[in-house]
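Below is one structure, written out as structure tokens, with a few remarks after it.
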Amino acid sequence: MKPMTVPFVDLQSQYLALREDILARADSVFRRGAFILGDEVAEFEKAFAGFCGAKHCVGVATGCDALFLALRARGIGPGHEVIAPANTFIATVLAITAAGATPVLVDCLEEDFTMDPAAVARAVTGKTRALMPVHLYGQAARMDELSAIARAHGLVIIEDAAQAHGGTYRGRPCGTLGDASGFSFYPAKNLGCYGDGGAVVTDSAEIAEFARNYRNYGQSRKYHHDVAGWNSRLDTVQAAILLAKLPRLAAWNEARRRCALHYEAGLAGLPLLLPRVRPECVPVWHLYVVRSTRRDELLAHLGRRGISCGIHYPVPVHLQKAYAGLGLARGGFPVAEKVAGEILSLPMYPELAAGQIDHVCAAVAEFFR
Ligand SMILES: *Cc1c(COP(=O)(O)O)cnc(C)c1O
């Protein structure tokens, strides 16, 4: 018998389950030939806004672009500072620098890796225009505290919701907790297409209109360009695929929750730190991240047992070569730096079977024996 293997994600089995629906929808796009801003884009925008309980959704080319557009829609650019966590995927910060603004990084909380509100309060200056909390791994950032800071200083909140489709905070959906949010539909996200895709979600008609024009060369009518925009449209074929997948998202998130509970039971009592769920949050488990001071050995051990894991993310933003220019030395964000050496993302996807989770837990237990 072949030994069991557990991939980190498994996009194939989801495709096989949806294949007929996806092929029919893609075929319909191909037959009609409306490839750019075809009907499916508007249909998906409406459906995803509905899913989030937001007034507007504007489909764009990537999650990175969605964050950039949300910042630009609020006039954020050169001379402005935007506060973001040091422990995020680089795209959060790339959006800030692409807009011409200056990223001001802050440390995270050890408990759940979200942006530390006390650090945010200390980082506010006269140039600060926006906060960019990240709902990291699918659990909401501390929005009450961050909103209070934003209110006190007249700041905009742009949520990075790229890992949090369907997550909630005090019963309200991630992506509707600030002025606007950016979602990503990168294939491995909780809602992923078969290429790149993203969306700006907002209740503001003004932000939505800006994003809608900007993504399409800044035009309000064909060949009438109000702003020097860009080409960042959500592809129609990708929108068609997202329409096939969206009705299943809630059930997939539920399946991820069951996997998280299974891990929690299976790993209980072992000498590693398990993810902490705050009572005001319903996370959607984009990633299941544990912590161990023997992370690299554990990662290698699991690899030998056929289990693929990840590290999200091994190098905090301030230690990336790309941001050496910010002049932030090692030691500046001690929590982010410490956890970067200890975090380990175990396999997590809706189709992950109970037997596979048992196999992972047994291998982890074996490592610590
Ligand atoms: C995936 C991701 C992004 C970027 O999304 P893309 O669609 O890949 O551009 C931004 N922020 C976070 C936290 C992400 O996980």
Considering only residues that are open to solvent by less than 10 Å² (accessible area, probe 1.4 Å) and either assigned to a strand (DSSP E or B) or within 11 Å of the ligand (Cβ to nearest atom) (or both), which ones fall in the stretch 166-180?
TYR169, ALA180
Restricting attention to the stretch 125-141, the residues that are within 15 Å of TRP285 (Cβ to Cβ) and surrounded by fewer than 24 Cβ atoms within 10 Å (Cβ to Cβ) number exactly 1
Any residue in the stretch 195-210 that's without any contact (Cβ under 8 Å) to a residue 40 or more places away in the chain: show its pairings with residues that are away from the ligand (no atom under 16 Å from the Cβ) and among the hydroxyl-bearing types (Ser, Thr, Tyr) at Cβ separation under 9 Å, as long as the two are six or more apart or on different chains.
GLU209/SER220
In the stretch 193-232, what residues are farther than 18 Å from ILE158 by Cβ, within 14 Å of the ligand (Cβ to nearest atom) and touching a strand residue (DSSP E or B) at 6+ places or on another chain (Cβ under 8 Å)?
GLY197
In this structure, is VAL134 in contact (Cβ under 8 Å) with a residue 40 or more places away in the chain, away from the ligand (no atom under 12 Å from the Cβ) and in contact with an Asp or Glu (Cβ under 6 Å, 6 or more places away or on another chain)?
no
Enumerated helices (runs of 4 or more DSSP H) restricted to the stretch 1-107, each holding at least 3 residues that are surrounded by fewer than 19 Cβ atoms within 10 Å (Cβ to Cβ) and within 16 Å of the ligand (Cβ to nearest atom)
91-98
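The values are calculated or read from the model by the stated rules, or taken from the named source; none is laboratory data. Predicted model, so just to flag it, every value in this text is computed and none were measured. For neighbour counting, all protein chains shown are included, and Cβ atoms are generated from backbone atoms with ideal geometry for every residue, glycine included. These accessible areas exclude ligands, DNA and RNA; they are computed on the full protein's heavy atoms, side chains included. Shrake-Rupley method; radii C 1.70, N 1.55, O 1.52, S 1.80 Å.
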